[in-house]
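What follows is a single structure, written as structure tokens, with notes after it.
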Amino acid sequence: MNMPKIKQIPKPVSGGLILSYKCSAECRHCIYACSQKWPADWMLLENLEKILRQLSGLYHFAKDLGFMDSEEGYLSKCHLCMEIRKYLSSKGDFTELQPKEFYQHLE
């Protein structure tokens, strides 16, 4: 009997966190279908704290590679995440951040 090869799944280097699907914008490109029409339900604080402790690794990983915070700050968590992803894409060949060209056109 031939056993299928087991593929190794790499550790994630990026992630997102949705606190609520209710959003004042209705971006056509939103992969989560957030909108003003959703109820204003929020994630429980203890769940948020647990997730943030686990996900803070991406930020620290980028800092270890030389990422520096913007002096102007960030418009949202999505803005910070995109800046980190753009930086990491410029520093390495991370399969999770493909295609690399996506990040090259961002200002």
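Miscellaneous remarks
- Among the listed pairs LYS63/LYS86; LYS22/LYS86; LYS5/LYS50; LYS50/LYS91; LYS22/LYS63; LYS37/LYS77, those whose Cα-Cα separation exceeds 24 Å are LYS22/LYS86; LYS5/LYS50; LYS50/LYS91; LYS22/LYS63.
- Annotation for SER70 and LEU52: the two label points, set 7 Å from Cα along the Cα-Cβ direction, are 2.0 nm apart.
- Candidate values [x] 1.03; [y] 1.32; [z] 0.92, label of the one derived for Rg/Rh (Cα atoms, Kirkwood Rh): [x]
- The chain: relative contact order in percent, alpha carbon pairs under 8 Å with at least 6 residues between: 22 percent
- When each of LEU44, LEU52 is scored by the number of other beta-carbon atoms lying within 10 Å, the sequence from fewest to most is LEU44, LEU52.
Read-outs: derived from the displayed coordinates by stated rules, not from any lab. If you're wondering where the values come from, they're calculated on a predicted model, not measured in any experiment. Heads up, the Cβs are rebuilt from the backbone with ideal geometry, glycines too, and the neighbour counts pull from every protein chain shown.
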